[in-house]
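J.: Can you read through this structure? Questions will come right after.
The values are calculated or read from the model by the stated rules, or taken from the named source; none is laboratory data. Being a predicted model, the structure only gives us computed values, none of them experimental. Here the Cβ positions follow ideal geometry from the backbone for every residue, glycine too, while neighbour counts run over all protein chains shown. Note: areas computed on protein heavy atoms with side chains; ligands, DNA, RNA excluded. Shrake-Rupley method; radii C 1.70, N 1.55, O 1.52, S 1.80 Å.
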Amino acid sequence: MSSLILNKSARIKIRLFQGFNSLKHLKHVHAALLRLGLDEDSYLLNKVLRFSFNFGNTNYSHRIFHQTKEPNIFLFNTMIHGLVLNDSFPESIEIYHSMRKEGLSPDSFTFPFLLKACARLLDSKLGIKLHGLVVKAGCESDAFVNTSLVSLYGKCGFIDNAFKVFDDIPEKNVAAWTAIISGYIGVGKCREAIDMFRRLLDMGLRPDSFSLVRVLAACTRIGDLRSGEWIDDYITKIGMVRNVFVATSLVDFYVKCGNMERACSVFDGMLEKDIVSWSSMIQGYASNGLPKEALDLFFKMLNEGFRPDCYAMVGVLCACARLGALELGNWASNLMDRNEFLGNPVLGTALIDMYAKCGRMDSAWEVFRGMRKKDIVVWNAAISGLAMSGHVKAAFGLFGQMEKSGIEPDGNTFVGLLCACTHAGLVDEGRQYFKSMERVFTLTPEIEHYGCMVDLLGRAGFLDEAHQLVKSMPMEANAIVWGALLGGCRLHRDTQLVEVVLKQLIALEPSNSGNYVLLSNIYSASHKWEDAAKIRSIMSERGIKKVPGYSWIEVDGVVHEFLVGDTSHPLSEKIYAKLGELVTDLKASGYVPTTDYVLFDIEEEEKEHFIGCHSEKLAIAFGLISTAPNDKIRVVKNLRVCGDCHEAIKHISRFTGREIIVRDNNRFHCFNDGSCSCKDYW
Ligand code: ZN
Ligand code: ZN
């Protein structure tokens, strides 16, 4: 009999060393252990307990633990360790307290996991107590324990304490450096985090993927392109670029710094791409003004068998919004359960925004109403959408509702409201909203609010007031603010102020061609030939190129792109034939091509040679020949619609009987029966 037990116990021991493939299997061995009275062998029990955590269910571990009569420090440590690895942080701390009640003291194996639990729970009080015990237990030179202390202090925001502990570690390993780097990032000191990384390399250590991902996050956060590129070189040198996490962080870094070319080359070089890297690239293209590339990549991702996640979906909807590609946006959104949109504010906002920017405020409104959780971002998207599509009263009304539902407005809410005022020319309301920001809502107006106000005042002809506001700004005015004032000057033909404005703009954005051209035209018109010539020579010295104007139109789920004077479209011949027809019809309807706008419009698109074939005219001609007679035509343009095209499209909408919607970089123009929704005010 005793040899049988010996046999069985030997078999159990062998099993214990082999491990278990299921909880059932483990329970079976545990039961045998109890039957044979071997459960008093704390070594064997400890092994069973350790394995019990492998199956993601801590209930059974608790049962094993509580059945032991006198758990020793090893069992307590295994328990704490297992619970922390299973993210059961409060329970691990409970076990610690019962261990103290048993009169047991934590040791160098207890501290790291317990400290991790404190860090995750942000329990600095217990953490500090434990730090005292670390010293008492003589563990203050243990690198593992100290690294956990650095992490804890960093996570809880006590960066000075974190650094003190870190500094005292005699032999700092990569994990310790990573902990202090993360600590600095956590409190927003990204510059220090990057410096720490440099010191890590100076020490001759080789960073691991964790430290690289962290330091890249720091570069991304502060947009430090130079450090990021240096780290990129280093990563390439040591061959870490093959690590999917490191490569994805690198992609993310370049995307956020706006260097899509480099992001793309890292992405293309990745041996395995996960959904995170795909989404990062798609969102990157969308947010860096390359919507067509975003869509192409989205289709490529689907082809590779990936289902879009929240980020990819936001990216693709943002691209569709930009291109006015309603059909595609609708189709893409159907790849995901509608409920997911209604329950997720980030997704819902993207969908509302897409519909609003594609001129379907009705659909946007439906999504907004269905949203289960409306946070400030969702409300703002709806207010901006209403403002953009000219439903100004509704936007003001929604703002009232938002306040009633207890949501505090933020800066973006006021951008939406001021934008509504601008589109409807409501100067008094705009002034009131602007003032109320500080007086009622204790919000400090940011540069974009000044930009909106300057736009509003400038368009309405209050150019002096607008100029005064720019001069009174607490911050330096940027190109957007001066650009808004330029718009006002253009609209009201103010050639004096425009000179001041253009000089500012040239200083702020020296590579923007439009400002030079416009200024040289203004000089020419007022017979200042020398000044005009000087501007043109500066332009050629600096090698400045013009921004081309693009228009996009979506037909049957395909986005077609047109450049000014473009002949690359497969249907080009037919498009130009249609354009010729339109010119004849335009003349018959009494329209005369205007050169009146030349002085102020030249910077948008080349005028002299291409007056008849601006990109939006080409897109509309294509729309007319490739859609059904009653279809609306939707065109999106990356620049402002010029005065001449605006006039022509009004006529075209009348004699073709088509509704034509053009969204330029500023607003919607809904042309219908000879007039435009902007009332010639844009
Ligand atoms: Zn035009
Ligand atoms: Zn218009």
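J.: Among the residues of region 417-429, how many are in contact with a Leu (Cβ under 8 Å, 6 or more places away or on another chain), crowded, with 24+ Cβ neighbours inside 10 Å and either more than 16 Å from residue 454 (Cβ to Cβ) or not hydroxyl-bearing (Ser, Thr, Tyr) (or both)?
T.: 3
J.: Shifting gears a bit: Restricting region 639-682 to residues that are within 13 Å of ligand 1 (Cβ to nearest atom) and closer than 19 Å to residue 584 by Cβ, which is surrounded by the most Cβ atoms within 10 Å (Cβ to Cβ)?
T.: Among those residues, the one meeting the criterion is 645.
J.: For the condition at pLDDT 95 or above, open to solvent by 40 Å² or more (accessible area, probe 1.4 Å) and aromatic (Phe, Trp, Tyr), what is the one hit in 396, 434?
T.: Answer to the selection: 396.
J.: If you don't mind, there's one more thing I want to ask. When you check residue 321 against the structure, is it among the hydrophobic types (A, V, I, L, M, F, W, C), open to solvent by less than 10 Å² (accessible area, probe 1.4 Å), over 20 Å from residue 274 (Cα atoms) and not assigned by TED's automatic domain parsing to the domain that holds residue 636, yes or no?
T.: Yes: the conditions hold for residue 321.
J.: For region 661-675, name all the residues that are near ligand 2 (Cβ under 8 Å from one of its atoms) and among the β-branched types (Val, Ile, Thr).
T.: The answer is 662, and nothing else.
J.: If a residue has to be surrounded by fewer than 22 Cβ atoms within 10 Å (Cβ to Cβ) and of a type in the set (Gly, Ala, Ser) to count, how many in region 98-121 make the cut?
T.: Of the residues in that region, 4 qualify.
For (1) assigned to a helix (DSSP H, G or I); (2) among the hydroxyl-bearing types (Ser, Thr, Tyr); (3) under 21 Å from residue 272 (Cα atoms), each residue gets a yes or a no:
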{"position": "183", "(1), (2), (3)": "yes, no, no"}
{"position": "188", "(1), (2), (3)": "no, no, no"}
{"position": "201", "(1), (2), (3)": "yes, no, no"}
{"position": "216", "(1), (2), (3)": "yes, no, yes"}
{"position": "220", "(1), (2), (3)": "yes, yes, no"}
{"position": "230", "(1), (2), (3)": "yes, no, no"}
{"position": "237", "(1), (2), (3)": "yes, no, yes"}
{"position": "247", "(1), (2), (3)": "yes, no, yes"}
{"position": "250", "(1), (2), (3)": "yes, no, yes"}
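J.: When residue 328 is evaluated against the numbered criteria (1) closer than 25 Å to residue 376 by Cβ; (2) buried (at least 19 other Cβ atoms within 10 Å of the Cβ), which criterion, by number, is the only one it fails?
T.: So the condition that residue 328 fails would be (1).
J.: I need a count of the residues in region 483-504 that are buried (at least 19 other Cβ atoms within 10 Å of the Cβ) and either farther than 22 Å from residue 525 by Cα or without any contact (Cβ under 8 Å) to a residue 12 or more places away in the chain (or both).
T.: So the count comes out to 1.
J.: Suppose we filter 559, 517 for residues that are assigned by TED's automatic domain parsing to the domain that holds residue 665 and surrounded by 15 or more Cβ atoms within 10 Å (Cβ to Cβ); which single one remains?
T.: Going through 559, 517 in turn, just one is assigned by TED's automatic domain parsing to the domain that holds residue 665 and surrounded by 15 or more Cβ atoms within 10 Å (Cβ to Cβ): 559.
J.: Could you please give the count of residues in region 611-636 that are near ligand 1 (Cβ under 9 Å from one of its atoms) and either open to solvent by 40 Å² or more (accessible area, probe 1.4 Å) or touching a Ser or Thr at 6+ places or on another chain (Cβ under 6 Å) (or both)?
T.: 3
J.: Another question about this same structure. Every residue in region 631-655 that is more than 9 Å from ligand 2 (Cβ to nearest atom) and free of Cβ contacts under 8 Å to residues at least 60 places away in the same chain, please.
T.: Of everything in region 631-655, those that are more than 9 Å from ligand 2 (Cβ to nearest atom) and free of Cβ contacts under 8 Å to residues at least 60 places away in the same chain turn out to be 631, 632, 640, 642, 643, 644, 645, 647, 653.
J.: Related question: Exactly one condition in (1) over 17 Å from residue 487 (Cβ atoms); (2) within 15 Å of ligand 2 (Cβ to nearest atom); (3) modelled with pLDDT under 90 is false for residue 678; which is it?
T.: Among (1) over 17 Å from residue 487 (Cβ atoms); (2) within 15 Å of ligand 2 (Cβ to nearest atom); (3) modelled with pLDDT under 90, the lone unmet condition for residue 678 is (1).
J.: Take residue 341 and decide whether it is farther than 19 Å from residue 407 by Cα and buried (at least 19 other Cβ atoms within 10 Å of the Cβ).
T.: Spelling it out, residue 341 is indeed farther than 19 Å from residue 407 by Cα and buried (at least 19 other Cβ atoms within 10 Å of the Cβ).
J.: Name the residue, out of 264, 257, that is open to solvent by 10 Å² or more (accessible area, probe 1.4 Å), more than 16 Å from the chain's Cα centre (by Cα), in the same structural domain as residue 194 (by TED's automatic domain parsing) and closer than 27 Å to residue 552 by Cα.
T.: Going through 264, 257 in turn, the sole match is 264.
J.: Residues being within 42 Å of the chain's Cα centre (by Cα) and either β-branched (Val, Ile, Thr) or part of a helix (DSSP H, G or I) (or both): count how many of those fall in region 78-112.
T.: Selection size over region 78-112: 19.
J.: Please count how many residues of region 473-515 are at pLDDT 85 or above, in a helix (DSSP H, G or I) and not aliphatic (A, V, I, L, M).
T.: Summing the residues that are at pLDDT 85 or above, in a helix (DSSP H, G or I) and not aliphatic (A, V, I, L, M) in region 473-515 gives 8.
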